[in-house]
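Taking it in order: structure first as structure tokens, then the write-up.
The values are calculated or read from the model by the stated rules, or taken from the named source; none is laboratory data. These figures come from a predicted structure and were not determined experimentally. For neighbour counting, all protein chains shown are included, and Cβ atoms are generated from backbone atoms with ideal geometry for every residue, glycine included. Side chains are part of the model used for accessible areas, which takes the heavy atoms of the whole protein and leaves out ligands, DNA and RNA. Shrake-Rupley method; radii C 1.70, N 1.55, O 1.52, S 1.80 Å.
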Amino acid sequence: RIAVSAVRVRSAEPMLQDLAATLTEEISSGLSRFSYLLVSAPDSEPADVNTGYVLNSTLQKAGGTLRLSTQLIDQADGQQVWGNSFENAWDETDLLGIQDDLTDRVVASVADPYGALMRDLSQGVDLKAIEEMSPYDVVLRFFIFRQRVSEQDHLETRKALEHGIKIDPGNAHLWAALAAVYTEEYKHDYNPRPDSLDRALATAHKAVSLRPDSASAHFALAEVHFFRQEVGPFRAAAERAIALNPRDSDAMAMIGIMTDYTGDWARGRELSARARAINPNHPGWYLFGDIFEEYLLGNYSKALTLAERVNLPGYFVDPYCRSIIHARLGNEDEAAKALDEFLVLWPNATLQNFREEHLVKWFYAIPKSIEQVMVGLQMAGLE
């Protein structure tokens, strides 16, 4: 549970007072779009003041700058678990724009899977025995997996989710998370079992049937459709997920990348850019769609600038991106070094098995991408 306090204003200016009141309502509404949170109305108290979190904010204006300072407090011990300040240029003719921008950044920074609240809640959950996990612990275990994608985390998360559904079969959050984990069996070849995408599709449909208003359920369904190469249903489910929660930067970034890889680069670029804008602390993988677009356009220097910002050394796509771009730029030593990093993460990679086990899963809608990546890998030294 999270309570949103009324935004305080260090000014008697009526326009700022009105903006603060509206921001309080919009932030509360934005947080409530994340179906795994219980959000107390701004004028109410949490059910138990000794549990949950409270979000405090202060609005002030100095000259042409508006600043919203925020603090997330754990009510159990009174400790601040997160705080940040967000600034906007003051423009009284665009109060709606200011309101939307500030709300976007606060809500995404607090509540999405990479947000401060999920990071704090998730601490220590992965140390619990699966049979001792509550359904909510299991949801948090899934967020840990999203934050540090690995094969071992996938295995433990799948076990936890299947346990959680046995004790709470009507929980749509668990079904949506399990659909995503089943998709990972195919998407990254993590702990695969037979009929991964069929199981993922049935599980995602179950989540949607339980909570038709759940953005995470529709996102899980969109991801399954993408990897089943069902582009029309993917787009429909993706747009529904965005409409239900336009401030989930994690879902929006992934939808943007998948949209890119269906060939709709303009829409994908728009979504990825928005995801990065609303969550300043986004992980580097939010850039992958832009990197591959620049690579395919032959803008290798620009692609490299983006790729060097990814900084995910444990995820194989990071070094293989850098290797193919360096190869195209004629940077032979850098290409070879990045390829070696990639081979540490994918030791038995060959041109053929990488094409079959990765590239055709992601770039099936734009065969040109497959060929151009293959050329880059060959230039970097992969055989």
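Numbers at a glance
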{"item": "Segment 343-362 residues that are closer than 17 Å to Ser196 by Cα, paired with ones that are assigned to a helix (DSSP H, G or I) and open to solvent by 50 Å² or more (accessible area, probe 1.4 Å) (beta carbon under 8 Å, 6 or more apart)", "result": "Lys361/Tyr186"}
{"item": "Qualifying residue in segment 188-195 (condition: of a type outside the set (Ser, Thr, Tyr) and in a helix (DSSP H, G or I))", "result": "no"}
{"item": "Filter result (without any contact (Cβ under 8 Å) to a residue 12 or more places away in the chain and β-branched (Val, Ile, Thr)) within segment 207-226", "result": "none"}
{"item": "Hits in segment 54-95 (condition: among the charged types (D, E, K, R) and touching a strand residue (DSSP E or B) at 6+ places or on another chain (Cβ under 8 Å))", "result": "Lys61, Arg67, Asp74, Glu87"}
{"item": "Flag for Gly289 being in contact with an Asp or Glu (Cβ under 8 Å, 6 or more places away or on another chain) and either in a loop (DSSP other than H, G, I, E, B) or open to solvent by less than 40 Å² (accessible area, probe 1.4 Å) (or both)", "result": "yes"}
{"item": "Test: Arg328 is within 24 Å of the chain's Cα centre (by Cα) and either open to solvent by less than 50 Å² (accessible area, probe 1.4 Å) or within 17 Å of Tyr300 (Cα to Cα) (or both)", "result": "no"}
{"item": "Subset of segment 196-233 that is basic (Lys, Arg) and in a loop (DSSP other than H, G, I, E, B) - its residue that is farthest from Asp153 (Cα to Cα)", "result": "Arg211"}
{"item": "Odd one out for Asn56, checked against (1) open to solvent by 50 Å² or more (accessible area, probe 1.4 Å); (2) more than 23 Å from the chain's Cα centre (by Cα); (3) closer than 18 Å to Val4 by Cβ; (4) of a type in the set (S, T, N, Q)", "result": "(1)"}
{"item": "Test result for Leu117, at pLDDT 95 or above and either among the aliphatic types (A, V, I, L, M) or closer than 25 Å to Leu55 by Cβ (or both)", "result": "no"}
{"item": "Number of positions in segment 106-144 that are in a loop (DSSP other than H, G, I, E, B) and under 23 Å from Pro169 (Cα atoms)", "result": "5"}
{"item": "Hits in segment 350-381 (condition: open to solvent by less than 10 Å² (accessible area, probe 1.4 Å) and assigned to a loop (DSSP other than H, G, I, E, B))", "result": "Phe363"}
{"item": "Of residues in segment 292-305 being free of Cβ contacts under 8 Å to residues at least 40 places away in the same chain and hydrophobic (A, V, I, L, M, F, W, C), the one surrounded by the fewest Cβ atoms within 10 Å (Cβ to Cβ)", "result": "Leu297"}
{"item": "Meets criteria (of a type in the set (Asp, Glu), open to solvent by 50 Å² or more (accessible area, probe 1.4 Å) and modelled with pLDDT of 95 or more) for Asp318", "result": "no"}
{"item": "Where Gln80 falls short, out of the listed (1) outside any helix (DSSP H, G or I); (2) more than 22 Å from Ala21 (Cβ to Cβ); (3) touching a helix residue (DSSP H, G or I) at 6+ places or on another chain (Cβ under 7 Å)", "result": "(3)"}
{"item": "Verdict on Asp260 being more than 22 Å from Leu178 (Cα to Cα), acidic (Asp, Glu) and within 17 Å of the chain's Cα centre (by Cα)", "result": "yes"}
{"item": "Residue among Tyr300, Tyr295 that is touching a Leu at 6+ places or on another chain (Cβ under 6 Å), among the aromatic types (Phe, Trp, Tyr) and on the phi < 0 side of the Ramachandran plot", "result": "Tyr300"}
{"item": "Filter result (surrounded by 19 or more Cβ atoms within 10 Å (Cβ to Cβ), more than 22 Å from His282 (Cβ to Cβ) and polar (S, T, N, Q)) within segment 140-197", "result": "Asn171, Ser196"}
